[in-house]
Amino acid sequence: MLTLKNKHIVGFALAGTALAAMTLPFAAVADTQTTNTNVDLTVNPVISSWSSGPTVTLGAITPDTTGKQSIASDTVTANTNDTAGLTITMASSSAATTMASGANTIAAIGGSPAAPVALTNGTWGWRIDSLATFGAGPTSVISNAAPNAGTFAAMPATGSPYTIKTTATTGSSTNTVWYSSRVNNAQAIGAYTATVTYTITTN
């Protein structure tokens, strides 16, 4: 008959316990966490503008007693990504609104966009077809020609610009500005010039 000593009995008991532990089912518990990251971008408002200038050439006039007139145009275009749109204004670059050749001048016509008038001898002005009360036109180029019946306004002085266009959304705006001068043979000879400033701002 086989007789087991006590130490062997203990060994079998421990081995049985370990075997039972190994056969228990294993259950994994998932750990899930979330975190958010904001990706931020700021797009600033910008404007771009250009004109067909920088010079509007009225050419040369050979005046007579009745007077001769020339008309030419400039196109000013502005573009913005601002959803509020943009505003375009124009004015003389200085307090003076005359065309000057040294000490000799050609005066700004007395009309305004609200009440434009035909040019008289020794005057110059501007117009935009269909703006304010200028009328639809169409205005066309003339050079050293008989006086024209089209109506014009005086150029405003710097500090008192006139708004020629306001938009209310993104995009571009194109505006044709017509300039004209009329003189007779009482006007002193010379190369006359005036500088106009277009200012474009986002709304």
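The values are calculated or read from the model by the stated rules, or taken from the named source; none is laboratory data. Here the structure is a predicted model, which means the values were calculated and not measured. Note that we place each Cβ from the backbone using ideal geometry, even for glycine, and neighbour counts take in every protein chain shown.
General remarks:
- The stretch 177-203: number of residues that are more than 14 Å from Ser49 (Cβ to Cβ), of a type in the set (Val, Ile, Thr) and surrounded by 16 or more Cβ atoms within 10 Å (Cβ to Cβ): 1
- Residue within the stretch 97-111 that is farther than 21 Å from Asn184 by Cβ and at pLDDT 95 or above present: no
- Contact map, the stretch 189-203: residues that are more than 27 Å from Lys68 (Cα to Cα) and free of Cβ contacts under 8 Å to residues at least 24 places away in the same chain paired with residues that are part of a loop (DSSP other than H, G, I, E, B) and among the basic types (Lys, Arg), Cβ distance under 6 Å, separation 6+ or inter-chain. No pairs are found.
- Condition met for Ser130 (free of Cβ contacts under 8 Å to residues at least 60 places away in the same chain and surrounded by fewer than 17 Cβ atoms within 10 Å (Cβ to Cβ)): yes
- Single match in Thr163, Thr123 (criterion: hydroxyl-bearing (Ser, Thr, Tyr) and touching a residue at least 60 places away in the same chain (Cβ under 8 Å)): Thr163
- A single entry from Thr89, Thr66 fulfils the requirement of being touching a Pro at 6+ places or on another chain (Cβ under 8 Å) and over 22 Å from Thr202 (Cα atoms): Thr66.
- Where strands (runs of 3 or more DSSP E) fall wholly inside the stretch 140-203, the ranges with 2 or more residues that are closer than 27 Å to Asn81 by Cα and either modelled with pLDDT under 95 or not basic (Lys, Arg) (or both) are 162-166, 171-183, 196-202.
- Residue count, the stretch 75-134 (criterion: polar (S, T, N, Q) and not in a loop (DSSP other than H, G, I, E, B)): 12
- Residue that is modelled with the lowest pLDDT [pool: residues in the stretch 17-47 that are small (Gly, Ala, Ser) and either in a loop (DSSP other than H, G, I, E, B) or in contact with a Pro (Cβ under 7 Å, 6 or more places away or on another chain) (or both)]: Ala27
- Counting residues in the stretch 53-72 that are in a strand (DSSP E or B), among the hydroxyl-bearing types (Ser, Thr, Tyr), over 15 Å from Arg127 (Cα atoms) and at pLDDT 95 or above gives zero.
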